[in-house]
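Input: a single structure, listed below in structure tokens.
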Protein chains: 2
Amino acid sequence: MSDKLLIRALKGERTRPTPFWLMRQAGRYLPEYREIRAKARNFLDFCASPGLTVEATLQPLRRYNMDAAILFSDILVVPHALGQEVSFQEGEGPKLKALCGKDDIARLSIEQFHERLEPSYETLRQLVFAIPESTALIGFAGAPWTVATYMIEGGSSKEFVKAKGWAYRQTADLERLIDLLTEMTAEYLLMQIAAGAEVIQLFDSWAGVLPEEEFRKWSIRPARKIVERLRARCPKVPIIGFPKGAGALYEAYVKETGVDAVSLDSTVPLSWAAKTLQPHAALQGNLDNVLLLAGGEAMERETKRIINILGEGGFVFNLGHGILQQTPPEHVARLADIIREAG
Amino acid sequence: MSDKLLIRALKGERTRPTPFWLMRQAGRYLPEYREIRAKARNFLDFCASPGLTVEATLQPLRRYNMDAAILFSDILVVPHALGQEVSFQEGEGPKLKALCGKDDIARLSIEQFHERLEPSYETLRQLVFAIPESTALIGFAGAPWTVATYMIEGGSSKEFVKAKGWAYRQTADLERLIDLLTEMTAEYLLMQIAAGAEVIQLFDSWAGVLPEEEFRKWSIRPARKIVERLRARCPKVPIIGFPKGAGALYEAYVKETGVDAVSLDSTVPLSWAAKTLQPHAALQGNLDNVLLLAGGEAMERETKRIINILGEGGFVFNLGHGILQQTPPEHVARLADIIREAG
């Protein structure tokens, strides 16, 4: 077993100090990121340029020396690799040419899948040598349900009328799409591991809009399949699941997917998580990203409270969601100090 | 005790048939609503016209004969009654002149409070005589935290950076605002009861963005105060709390606020709710509003499942959130039939 702090914690060991990394730790809140971002025409081109993504991944490590580096990429490179049109307009969300039904699913193609994802693999291969020795390298993908919502809605959504409409009225179509995404996401993650990823995080950012039964079908079941595929081939690589907003369903997710660790959004109560979830999986989380933006004493107090309660078992400090663009970099520096001082 | 079905269920009695009403049961999905809506210049004027709001409240009852009528109004009539500028633009969310700090709070005024809310009271007084004898009349208000987010953000929000910023860095200002809203919301609800409301629902639509400690401060504590105020004066009026998106924190909400009943959003798992919450409060909910829009067999199956599991104790069938505008009225008719057939 690796002796890297992050990996030990994800395997359930109570470690001191508490390892930490921050979702979206590389990105727009850093001036040095904004500088290199300007070198690519658009965000997809940026993600496809290992010279830039390696640098973006390393930037926050130089400032804050997190215990993990995470591949700089986006969950929507997967639909793009399947041949769907994807674009990112400055200041807007992503736009996709929405799938309408089974004919559109049939037109998706896996022929260029790994070729189009080669920049992610190359980024990881370079990072293996570029990151400090004690830093763990995290690969990731969007979970099938979350990626499917973008593919069906054609972008972000508020009510998820189309994606849930498939769940309720075009169930066979959604099953076909989710099966394809489950299969190809597992492939993608296995290739990331082959390229050097030592930990995997599966982001199910929109799991929290699904009622119980749908949650089991579209979030838990695909996650379990991906976990089984990865386990069979790479039993030592810890897998972190992140069913954001799952509420009381975090319990079913942890017990039924088999993930090594689960990432908690900021609304998950700590004592409940320690009691209900931590016996089954290591925990990661869950400082409110707005509290990191706000900073000050409230941030210090809450950071210590989180470490005190969750740090009794396997635990990785993180946010409950990605760093906000307006976050002052000095607040991140202060947070890193607080975590280290907490021991 | 009233022998109205809804009130018996809210007091914890297992009733057959299962009473039901639907959040936003009056509104845009009904052609007859769109017709009368056109008679007012804007939405606030509509809410201030008892001739129109009484009719809007009655429209869904004529079609579907729900067990409850709910005052037609909006949670933002309260900031308006406190003197804040509020407007609703067609097709956009509400706009308010955002509060910036304690000077703006000091400029809020309670002088015209009840005068500005008189149309709500008049609507209720007329409804008492206009609704069928077996129908219960529900009054409502936004919970202090949810109303405060609109007052601070100046409208809807995605990240709640300003409102949470107050919680974290301008705590004294937020306390002052929440105290004022708690006090005046209790006043408003007591006047609604005096005007004929037999049940109260407190909508905390944005409770689900608060981490545990903040949830206790800004959602649970004000709700408890309002419950205590109402209980002291009107002990027989059942109070339904709706901390939408509270996840595992629903448990603390139910145990610590003292509400008679709690409304569940669609993501709350049924068995967990039956076991954890129902011993302490009656339950209301929680069909996915997108499933009502989708209709069909999936809706029928899920409706029966909800009634089977939650109907073992005090239970009112409802949605997990308001009816969506695109919902076909015939789906609502079908839903009403399914609920009645379920017995």
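For the reader, a short list of remarks on this structure follows.
- Within segment A:22-33, the presence of at least one residue that is touching a helix residue (DSSP H, G or I) at 6+ places or on another chain (Cβ under 6 Å), within 19 Å of A:Ile75 (Cα to Cα) and among the polar types (S, T, N, Q) is confirmed.
- Test for B:Ile220: is it more than 23 Å from B:Val77 (Cβ to Cβ) and buried (at least 24 other Cβ atoms within 10 Å of the Cβ): yes
- Scanning segment B:41-76 for residues that are under 17 Å from the mean Cα position of the chain (by Cα), among the aliphatic types (A, V, I, L, M) and within 25 Å of B:Ser134 (Cα to Cα) turns up B:Ala56, B:Met66, B:Ala68, B:Ala69, B:Ile70, B:Leu71.
- Checked against (1) within 14 Å of chain B (Cβ to nearest Cβ); (2) touching a Phe, Trp or Tyr at 6+ places or on another chain (Cβ under 6 Å); (3) surrounded by fewer than 22 Cβ atoms within 10 Å (Cβ to Cβ), A:Glu300 meets all criteria but (2).
- Leading residue by the ranking (nearest to B:Val262 (Cα to Cα)) among those in segment B:187-239 that are within 14 Å of chain A (Cβ to nearest Cβ), out of contact with any strand residue (DSSP E or B) (no Cβ under 7 Å at 6 or more places or on another chain) and of a type in the set (A, V, I, L, M, F, W, C): B:Ile220
- Tallying residues that are assigned to a helix (DSSP H, G or I) and either within 7 Å of chain B (Cβ to nearest Cβ) or surrounded by fewer than 21 Cβ atoms within 10 Å (Cβ to Cβ) (or both) within segment A:268-288 yields 6.
- Residues in segment A:240-267 that are more than 15 Å from the chain's Cα centre (by Cα), more than 13 Å from chain B (Cβ to nearest Cβ) and not in a loop (DSSP other than H, G, I, E, B): A:Thr257 alone.
- Taken over segment B:74-97, the criterion of being under 14 Å from B:Phe140 (Cβ atoms) and in contact (Cβ under 8 Å) with a residue 40 or more places away in the chain is satisfied by B:Ile75, B:Leu76, B:Val77, B:Val78.
- Contacts under 8 angstrom Cβ, first residue in segment B:199-222 being acidic (Asp, Glu), partner in a loop (DSSP other than H, G, I, E, B) and surrounded by fewer than 24 Cβ atoms within 10 Å (Cβ to Cβ), 6 or more apart: B:Asp204/B:Lys244; B:Glu212/A:Pro269
- Residue match in segment A:165-178 (condition: under 17 Å from the mean Cα position of the chain (by Cα), buried (at least 24 other Cβ atoms within 10 Å of the Cβ) and modelled with pLDDT of 95 or more): no
- Listed by position, the strands (runs of 3 or more DSSP E) enclosed by segment B:1-106 that each have at least 2 residues that are among the hydrophobic types (A, V, I, L, M, F, W, C) are B:68-70, B:86-88.
So that you can scan it fast, the table gives a plain yes or no per residue for (1) touching a residue at least 40 places away in the same chain (Cβ under 8 Å); (2) among the aliphatic types (A, V, I, L, M):
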| site | (1), (2) |
| --- | --- |
| B:Ala40 | no, yes |
| B:Gly51 | no, no |
| B:Val54 | yes, yes |
| B:Thr57 | yes, no |
| B:Phe72 | yes, no |
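- The residue list B:Ala232, B:Ala282, B:Ala273, B:Ala248 contains one member that is closer than 28 Å to B:Leu117 by Cα and at pLDDT 95 or above, which is B:Ala232.
- Total residues in segment B:116-148, condition touching a residue at least 12 places away in the same chain (Cβ under 8 Å), part of a helix (DSSP H, G or I) and not aliphatic (A, V, I, L, M): 11
- So B:Gly196, is it buried (at least 20 other Cβ atoms within 10 Å of the Cβ), more than 22 Å from B:Ile105 (Cα to Cα) and not polar (S, T, N, Q): no
- Qualifying residue in segment A:12-30 (condition: under 25 Å from A:Gly320 (Cβ atoms), more than 21 Å from the chain's Cα centre (by Cα) and acidic (Asp, Glu)): yes
- Taken together, the residues in segment B:153-179 that are more than 9 Å from chain A (Cβ to nearest Cβ), touching a helix residue (DSSP H, G or I) at 6+ places or on another chain (Cβ under 9 Å) and part of a loop (DSSP other than H, G, I, E, B) amount to 4.
The values are calculated or read from the model by the stated rules, or taken from the named source; none is laboratory data. Owing to the predicted nature of the structure, the values given are computational and were not obtained by experimental measurement. With ideal geometry, Cβ positions are generated from the backbone for all residues, glycine too; neighbour counts draw on all protein chains shown.
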